[in-house]
Amino acid sequence: MPGNRARVIVMNSALGPLDYRVPQGMAVEPGSIVVAPLGPRQLAGVVWEADRLPTEEVGDNRLRNLMGVADAPPIPEAVRRLVEWTSDYYLAPLAGVLRMALSSSAAFENAPTIVEYRATGQVPGRMTPQREQALERIGDRQGLVRELATIADVSDGVIRGLIKQGAIESVVIDTDSPYPRPEPGFAPPHLNPAQADVAGILRQAVGSESFQPFLLDGVTGSGKTEVYFEAIAAAIDAGRQSLVLLPEIALTEPFLTRFAKRFGCEPVAWHSGLRTSQRRRAWRAISRGEALVTVGARSALFLPYPNLGVIVVDEAHETSFKQESEVHYHARDVAVMRGKFQHCPVILASATPAIETRNQVELGRYEELKLPGRYGKAELPEIEAIDLIAEPPARGRWLSPRLVVAIDAALERKEQALLFLNRRGYAPLTLCRTCGHRFQCPNCTAWMVEHRLIRRLTCHHCGHTLPTPEICPECEAEDSLVACGPGVERIADEAKALWPNANIAIVTSDTLWSPAKAAEFVRRMEHGEIDIVVGTQLVTKGYHFPDLTVVGVVDADLGLDGGDLRAAERTFQQIMQVSGRAGRGEKPGTVFIQTHSPDAQVMQALVSGDAEAFYAAETEARRDAGAPPFGRYAAIIVSSEEKQAAEDVAQRIGRTAPRLDEMTVYGPAPAPLAMLRGRHRYRLLVHARRAFDVQDMIREWLGALEWSPKVRVIVDVDPYSF
Ligand code: ADP
Ligand code: ZN
């Protein structure tokens with residue numbers, strides 16, 4: 001391709017690559033972020049290697065000029081290869097993956113300063129109640145007008161009024177102000193011999209500047225974090241960047257604090273909760289190679305680090321690494337690919353590695369590094385099963401007597417307890433005793449969940465919400481609505497009734513929605529201001545509370561319901577994880593798992609502490625079923641607001657399915673969530689042999705079909721939810 005042409009992926013998933021003329025005086029190269037005309041509009045895009053994206057040649061005379069190029073380093077080659085691989089493997093449009101990589105335009109809005117607003121603390125003139133309330137909600141926070149309006153839950157106009165009035169003033173933020181540099185020698189740990197061995201291997205891998213995937217396997221509290229910090233220290237020493245991926249934003253705050261204790265300052269955080277100015281500052285520092293350590297959610301994988309030296313995926317078995325919207329991808333697997341393109345080691349850290357990951361170790365593709373036992377004096381907790389049939393809770397209660405006695409004793413000793421139930425809200429289902437009416441979401445195949453603290457029923461899938469009704473909308477009976485089953489709020493109520501003098505905290509995404517809230521929770525736990533925590537999976541990870549000695553799993557069977565092929569594995573991981581919160585200090589811990597099936601293999605393995613037995617049996621079961629990693633699945637989801645339209649397309653896809661020995665196609669059938677956010681969903685499930693190129697087959701199969709824009713077809717490769 002002659003020098004004055006450029007092939008560009010524009011940010012429109014419906015379009016393939018397009019060619020443009022590069023006007024005189026403009027210099028672009030592969031990776032350059034540009035502005036391109038499309039019809040009457042302007043679109044952002046990225047220049048790509050033309051020979052990697054074959055497309056129809058357009059005559060010179062028909063080319064339009066590129067309109068501008070961003071004042072930012074080009075997207076590095078490793079990211080370009082990663083975007084291609086992700087698009088290929090997950091059958092997602094290049095532009096869709098690229099849009100994710102360019103993270104909501106941080107790459108385009110590229111000025112070195114940004115103007116934010118904050119309260120002046122003075123209130124000149126008269127206040128309307130709305131303005132007063134806005135100021136109160138904003139407090140000492142700052143941000144763009146739009147961001148302040150969101151915080152205060154008012155219109156932009158209210159904020160502008162406050163600015164005019166002088167109650168809010170502007171502040172110029174320098175998005176190029178440098179981040180402090182982490183010091184590898186700030187507070188190095190004294191590693192025990194096993195830790196030192198593993199750290200030595202990791203340091204060497206970082207030094208070799210070559211791709212090497214590791215599974216860092218050790219029980220909770222064995223010092224995995226401490227050890228992978230050594231790999232990061234090695235990267236910092238070599239002037240290279242590090243990336244740590246965490247499964248939840250809520251874990252960022254404790255991680256920042258812990259990192260600062262070891263390295264003298266916080267790393268750069270990257271997640272969806274950042275303000276525009278923070279995002280821009282992080283992006284600029286990362287793309288220039290100045291941000292040495294980044295910690296973030298899965299989207300941090302696609303950032304343009306120019307010289308990444310190591311990637312860590314912490315709690316690598318976590319299902320939240322699987323993204324289920326827009327581009328369906330698994331961050332753990334994409335992290336390994338990024339390491340490959342980047343020529344750097346990748347460390348997957350987990351106390352309960354996924355069967356897929358253990359299989360990679362068996363195949364010799366990943367190297368396993370093991371840390372035996374907990375660090376120091378801490379012992380792994382004792383795990384006891386409570387048979388809910390033999391030792392039932394009192395009527396209308398959910399905690400069995402043995403668990404209650406154990407918590408009594410812990411509180412007596414001034415220790416803390418954790419009750420784990422992976423269900424937000426008060427009750428998962430509300431029904432009318434008189435007519436049997438059940439509250440269902442109008443947009444989804446799901447029940448409305450009662451949230452008593454805010455007195456609303458809410459759909460956890462689409463966010464639809466309404467005030468908790470007092471009379472049945474169906475039969476108009478009064479006082480007839482009953483809450484069925486427990487959520488964390490209900491368990492907290494029970495705990496309040498049992499221990500009226502205890503301080504009880506509920507920890508879910510409803511209560512810990514910001515890093516500041518998470519930090520506050522940690523502080524209160526550490527200062528003993530909380531006696532009992534009632535929480536969802538949010539509380540099972542990362543935290544280290546030495547005085548927490550009793551853990552109660554309220555309903556260990558919860559995750560076993562449903563047709564999920566990983567249900568047993570997930571239950572095992574989740575309960576091991578929550579058990580890992582108990583007895584982390586010098587005081588021993590005990591975990592109680594309440595179950596209706598104490599004989600189930602997963603419960604037995606938990607009680608005996610024999611993880612290997614569990615993994616062996618589970619692996620055999622998967623092998624027999626040809627389930628991952630011994631076989632492959634891909635789900636084809638067809639959805640539309642019009643039921644018939646979705647069904648028709650799904651049927652057509654089903655009829656044209658290739659007949660091959662290597663695979664079987666099931667369906668179409670209504671998807672497990674037959675309606676989601678107002679869209680009717682059908683699903684076809686492809687089950688194939690491991691070595692079969694499912695993607696290629698699906699590309700060809702679906703590529704031959706057309707459907708109306710009313711219908712959306714997405715492919716979920718290696719799906720999680722069945
Ligand atoms: P994991 O990541 O495997 O759960 P951590 O790295 O969080 O384990 O270690 C558990 C606890 O033990 C932490 O409080 C950590 O600071 C402490 N610890 C682990 N190794 C060491 C060490 N070598 N020196 C001092 N403290 C350590
Ligand atoms: Zn809904």
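The values are calculated or read from the model by the stated rules, or taken from the named source; none is laboratory data. The model shown is predicted, which means the values in this text are computed figures rather than measured ones. Cβ coordinates were reconstructed from backbone atoms using ideal geometry, including for glycine residues, and neighbour counts include every protein chain displayed.
List of remarks:
- The stretch 459-473 residues that are farther than 16 Å from Ala483 by Cα and outside any loop (DSSP other than H, G, I, E, B), paired with ones that are modelled with pLDDT of 90 or more and more than 7 Å from ligand 2 (Cβ to nearest atom) (beta carbon under 7 Å, 6 or more apart): Thr465/Arg456; Thr465/Leu457; Thr465/Thr458
- Scanning the stretch 642-673 for residues that are in contact (Cβ under 8 Å) with a residue 60 or more places away in the chain and either in contact with a Cys (Cβ under 9 Å, 6 or more places away or on another chain) or in a loop (DSSP other than H, G, I, E, B) (or both) yields a count of 2.
- Hits in the stretch 544-574 (condition: among the hydrophobic types (A, V, I, L, M, F, W, C) and away from ligand 1 (no atom under 16 Å from the Cβ)): Val550, Val553, Val554, Ala556, Leu558, Leu560, Leu565, Ala567, Ala568, Phe572
- Complete set of residues in the stretch 435-458 that are within 10 Å of ligand 2 (Cβ to nearest atom) and assigned to a loop (DSSP other than H, G, I, E, B): Cys441, Pro442, Asn443, Cys444, Thr445, Ala446, Met448
- The residues of the stretch 382-402 that are closer than 18 Å to Phe614 by Cα and either in contact with a helix residue (DSSP H, G or I) (Cβ under 6 Å, 6 or more places away or on another chain) or β-branched (Val, Ile, Thr) (or both), listed by number, are Ile383, Ala385.
- In the stretch 618-638, the condition of being within 30 Å of Ala417 (Cα to Cα) and basic (Lys, Arg) is met by no residue.
- Checking Ser639 against (1) surrounded by fewer than 17 Cβ atoms within 10 Å (Cβ to Cβ); (2) part of a strand (DSSP E or B), the condition it does not meet: (1)
Every residue, every condition in (1) touching a residue at least 60 places away in the same chain (Cβ under 8 Å); (2) surrounded by 12 or more Cβ atoms within 10 Å (Cβ to Cβ), yes or no:
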| position | (1), (2) |
| --- | --- |
| Gly125 | no, no |
| Gln133 | no, yes |
| Glu136 | no, no |
| Gly143 | yes, yes |
| Arg146 | no, no |
| Pro178 | yes, no |
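- The one condition in (1) modelled with pLDDT under 90; (2) closer than 30 Å to Gln241 by Cβ; (3) out of contact with any helix residue (DSSP H, G or I) (no Cβ under 9 Å at 6 or more places or on another chain) that Val28 fails to fulfil: (1)
- Any hit, the stretch 516-528, residues being touching a Phe, Trp or Tyr at 6+ places or on another chain (Cβ under 8 Å) and modelled with pLDDT of 95 or more: no
- Scanning the stretch 6-43 for residues that are in a strand (DSSP E or B) and β-branched (Val, Ile, Thr) turns up Val8, Ile9, Val10, Ile33, Val34, Val35.
- Against the conditions (1) more than 27 Å from Ser320 (Cα to Cα); (2) at pLDDT below 95; (3) surrounded by fewer than 16 Cβ atoms within 10 Å (Cβ to Cβ); (4) of a type in the set (S, T, N, Q), Thr257 satisfies every one except (1).
- Meets criteria (among the small types (Gly, Ala, Ser), at pLDDT below 85, over 30 Å from Asp71 (Cβ atoms) and surrounded by fewer than 16 Cβ atoms within 10 Å (Cβ to Cβ)) for Gly121: yes
- Considering each residue of the stretch 43-51 in turn, at least one proves to be more than 24 Å from Trp283 (Cβ to Cβ) and without any contact (Cβ under 8 Å) to a residue 60 or more places away in the chain.
- Complete set of residues in the stretch 232-279 that are charged (D, E, K, R) and away from ligand 1 (no atom under 14 Å from the Cβ): Asp237, Arg240, Glu248, Glu253, Glu266, Arg275, Arg279
- Enumeration of residues in the stretch 202-218 that are away from ligand 1 (no atom under 16 Å from the Cβ) and either of a type in the set (Asp, Glu) or within 14 Å of Ala233 (Cα to Cα) (or both): Gln204, Ala205, Val206, Gly207, Glu209
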